[in-house]
Amino acid sequence: MAEFDVIVIGGGPAGTNAALAAASAGLKVALIDEHPAPVTLPLAEHTVTSLFSHAVWSVSGEYRIDAVGPDGPLHCMARALIVASGATVRTVPFEGWTLPGVIDLATAAKRLAGQGTLPGRSSLVVGCGPWLAAVAANTIDAGGRVEAIVDLAGAADSVHARPAKDSRPDLRVQQLNWWRTIRRAGTRRYGRWTIVRAEPAGESLCATLARCDGGGRTIDAPRITLIADCIVVGHGFIPATEITALLRARHGYSRAAGGWIAITDEDGRTSRALLYCAGDAAGIVGADAAASHGTLVGLTCALDLTAAGSVPLERRIDAARREHERGAHLARAMANLMTLRSGHVDGIPVDTIVCRCEDVRRGDIDAASAAGAQDMNQLKAWTRCGMGLCQGRLCGDIAGELLMRRVGAGSRETVGWFTARTPFRPVSIDVLTGDFRYEDIVIPNAAPL
Amino acid sequence: MGCTTALFLARGGMRVALVEKDALCRAASGVNAGTLTLHMTRAALIPYAMRAVQMWMETDRWLGLSVLSTMAPGLSLAFTEAERELLQQRAMARRKFGAPIDLLERDAALAIEPGLNRSVLAAAFCANDGFTSAYLTGRAYHSALRAAEVRIFERTAVTRIDRLNGHYRVYGPENSAAQVRIEAKRLVMAGGVWLEPLCAMLDVAIPVKTLVNQLIVTEKLPPIMQSVLSIANGLLSMKQFANGTVLIGGGWQGVGDRMRGPVETVPQNLIGNLRLARHVIPALRLARVARIWLGLESETADGMPMIGALPGRDDAWVIGCVHSGYTSGPYMGKLLAQTMLGELTELPLFDPRRLIAGAAA
């Protein structure tokens, strides 16, 4: 068992910067992430203990981390914990969304960046937000064909975000480059359109597209169909709150931030002592702002662990806060393009699967609600929605929206959220139990006769 | 048990309101392992458990919706000589109360459950054990109670109870805009681990312990077992459901209490529980854990139930703290309802008088 001052969970931009910032203030830091180490790792081995390829399955006490890595299970302790677990791509279900060949934006981006492979020879990119253009442009650059980009957002939505974009000319240039690539390839963008059906068409998929209004509700107008090998979907991102929720920090629902988030102060402190949340996990902000938030939160944690306080640290925190605020303005405008649209959820057909792990359809959710289920945990027990291997990460946001509208509540907080459970990721019994002899199992006292 | 009591009272002609701090069957009855076994039932409760298991197997007759009750052979196992001795002792004690439990040698046990670790020495066997999918309990009772015209108040924690003109007045949470107030001639306390604070509202002091049981469920697997398994010391319960998931329990403790509810699991205890499970069914090695959760269990000072009239209070009753309470629950609730309705009952209740703090033994 190893002991640290702080453990950072999540090796993305927020976590990496939080770890570096905390280490630069003299703390003993571990950074842990389920994925293999990125090729360009900015962490100097001597300042941060990095545990890549380690999936955290439990967090408990104040604070104990249990993980499974290439060498089996391990656990470590830390005085403080920074959760930088990122976000999950949201897919608003449509007919056929569980077919092979329909993948989410993050999976497509990972294949393009990590393995340099195309999601399909031809693809259709659907959803909302700036990631659509990024994935489409990267697909084209890698030699793929993008049949179309289908965006819930219309021209009017982007205009609202423009003043914010002007504050970050560098990102604006990046976006212009993506769109130049897309236009040059002759890929068409359908604004204010949405996908309503995917069905097999020989070796490929046939997508039916419909016009929609600003709320994502389809409108009565002629539909079109397009053929592609692969449909890449992303209707925004949902903050990954399972760790902060398990630790019972206070949470609230914020549509603009992407969903349920731990309630934090501007420096990332949650309601629980020495538990922090950084980056997208604290509310969707995107990679750039996540990095600056990570630095801010790492320094804040260091200050809180310095019993006597530290004037130089406070100065660095002030600077980090200003730096983060510069980028966060744009980030929030971008996140606003990706919020869940209630008309979009209303339009999910009755026989469409919402929870793919347990094959729960919208009609099952409606029926449970009609029979008296009023909160998310009741819904889970009555339908198995969210009981599968993903623990509701994929379906919870949509199921919550459906239930809220069914019970006539004005807020998602009324119907609540699936109680967070370990393991965060499915964990092998073989690895957890290891080699043991029956005699050595420490057995508590026998139950009474 | 509160739900069953309410159901049979309503069917007996009473107007019934059911008040629940969270949602029906969410603290214990809907989150336990759903094991129906005589091997883990306390010996003196065997006659009750046998009648209750019968009820679980016939939910279509009295409850309506299914909780996927499944009958399966129940085996309690011994892997050491000490465990074999414990097994014999426990089987004998339960047989005395009528449990049809037989002792089997290794080969006979393996014939019933071929997936067992071949190092098993002996087993106690009960042909009529089984299990339910406990998470469906709330839905089934909800439906039955609504049909019986029981008024259900969920998410309504009782904050105060007054006695007014021969009636009880029950108050809901104070912060809500319109405070819930319900008046009734009779009062039944069925609050599980919260029975201690509930009874205290009537100035009756009965200590109630809170157990925080950890439960583990695997991903869906091909069939690897067909019986309800436990071990001699009672610290493992395991079965595979029709959907392929294997549920592992046995009362290994997590962290929590009455005030905070279930707080967190204890990784060392999870690993201990999983090692027992894997030792019993070696094929579990290849499985992954999908979800772990905690359920609360209430226990009195002597570990026996409290079911009956609350001493010194008119028309106030209490029901709870039944060891293996899910197995016996429906029968216990029915028994209390029958008593309150003035009907003849087959078996005696469990007078709470003995448990009142400071009372003479």
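A few notes on this one:
- A count restricted to segment A:221-248 and to residues that are free of Cβ contacts under 8 Å to residues at least 40 places away in the same chain and either assigned to a strand (DSSP E or B) or outside the structural domain of A:A201 (by TED's automatic domain parsing) (or both) stands at 3.
- Yes/no for B:R118 being within 14 Å of chain A (Cβ to nearest Cβ) and not in a helix (DSSP H, G or I): yes
- First in segment B:80-107 and over 20 Å from A:Y438 (Cβ atoms), second anywhere and hydroxyl-bearing (S, T, Y) and modelled with pLDDT of 95 or more, Cβ under 8 Å, 6 or more apart: B:A91/B:S76
- Condition check for A:V297: open to solvent by less than 20 Å² (accessible area, probe 1.4 Å), within 14 Å of another protein chain (Cβ to nearest Cβ), in contact with a helix residue (DSSP H, G or I) (Cβ under 9 Å, 6 or more places away or on another chain) and over 18 Å from A:G259 (Cβ atoms): no
- Any hit, segment B:317-328, residues being touching a residue at least 12 places away in the same chain (Cβ under 8 Å), facing chain A (nearest Cβ under 10 Å), out of contact with any helix residue (DSSP H, G or I) (no Cβ under 6 Å at 6 or more places or on another chain) and outside any helix (DSSP H, G or I): yes
- A:I65 closer than 23 Å to A:A289 by Cβ, open to solvent by less than 60 Å² (accessible area, probe 1.4 Å) and at pLDDT 95 or above: no
Rundown of residues vs (1) open to solvent by less than 40 Å² (accessible area, probe 1.4 Å); (2) β-branched (V, I, T), yes/no style:
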| position | (1), (2) |
| --- | --- |
| A:I195 | yes, yes |
| A:T208 | yes, yes |
| A:L247 | yes, no |
| A:Y253 | no, no |
| A:G258 | yes, no |
| A:A262 | yes, no |
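- Matching entry among B:M50, B:M92, B:M71 (being open to solvent by 50 Å² or more (accessible area, probe 1.4 Å), at negative phi and assigned to a strand (DSSP E or B)): B:M71
- Test result for A:P444, facing chain B (nearest Cβ under 7 Å), touching a strand residue (DSSP E or B) at 6+ places or on another chain (Cβ under 8 Å), closer than 30 Å to A:H75 by Cα and modelled with pLDDT under 95: yes
- Looking only at residues of segment A:400-441 that are of a type in the set (V, I, T) and assigned to a loop (DSSP other than H, G, I, E, B), we find that the one that is nearest to the other protein chains (Cβ to nearest Cβ) is A:I441.
- Among (1) within 27 Å of B:W62 (Cα to Cα); (2) buried (at least 20 other Cβ atoms within 10 Å of the Cβ); (3) out of contact with any Lys or Arg (no Cβ under 6 Å at 6 or more places or on another chain) - the single one B:F131 does not satisfy: (3)
- Residue, modelled with the highest pLDDT, within segment A:129-171, restricted to residues that are of a type in the set (D, E) and within 25 Å of the chain's Cα centre (by Cα): A:D151
- Filtered by the rule that a residue be of a type in the set (A, V, I, L, M), open to solvent by less than 20 Å² (accessible area, probe 1.4 Å) and in a loop (DSSP other than H, G, I, E, B), segment A:71-100 gives A:A84, A:V92.
- B:I356 vs. criteria of a type in the set (A, V, I, L, M, F, W, C) and touching a Pro at 6+ places or on another chain (Cβ under 7 Å): yes
- Within this structure, B:L136 fails the test of being in contact with a strand residue (DSSP E or B) (Cβ under 7 Å, 6 or more places away or on another chain), within 14 Å of another protein chain (Cβ to nearest Cβ), open to solvent by less than 40 Å² (accessible area, probe 1.4 Å) and not in a loop (DSSP other than H, G, I, E, B).
- Residues located in segment A:374-404, provided they are under 17 Å from B:L24 (Cβ atoms), in contact (Cβ under 8 Å) with a residue 24 or more places away in the chain and touching a Gly at 6+ places or on another chain (Cβ under 6 Å): A:D375, A:M376, A:K380
- Scoring B:A283 on the criteria (1) aliphatic (A, V, I, L, M); (2) open to solvent by 20 Å² or more (accessible area, probe 1.4 Å); (3) touching a residue at least 24 places away in the same chain (Cβ under 8 Å); (4) part of a loop (DSSP other than H, G, I, E, B) leaves a single failure, condition (4).
- Residue among B:T210, B:T245 that is away from chain A (no Cβ under 13 Å), more than 18 Å from A:S58 (Cβ to Cβ) and either open to solvent by less than 20 Å² (accessible area, probe 1.4 Å) or touching a Lys or Arg at 6+ places or on another chain (Cβ under 6 Å) (or both): B:T210
- Verdict on A:R393 being more than 10 Å from every other protein chain (Cβ to nearest Cβ), open to solvent by 60 Å² or more (accessible area, probe 1.4 Å) and either under 18 Å from the mean Cα position of the chain (by Cα) or of a type in the set (V, I, T) (or both): no
- Selection within segment B:20-36 - more than 10 Å from chain A (Cβ to nearest Cβ) and open to solvent by 10 Å² or more (accessible area, probe 1.4 Å): B:E20, B:K21, B:A27, B:A28, B:S29, B:N32, B:A33, B:T35
- Residue in segment B:112-128 that is at pLDDT 95 or above, among the acidic types (D, E) and crowded, with 20+ Cβ neighbours inside 10 Å present: yes
The values are calculated or read from the model by the stated rules, or taken from the named source; none is laboratory data. Since this is a predicted model, take the numbers as computed values, not measurements. All Cβ positions, even for glycine, are placed from backbone atoms using ideal geometry, and neighbour counts span all protein chains on display. Heavy atoms of the whole protein, side chains included, go into the accessibility calculation; ligands, DNA and RNA do not. Shrake-Rupley method; radii C 1.70, N 1.55, O 1.52, S 1.80 Å.
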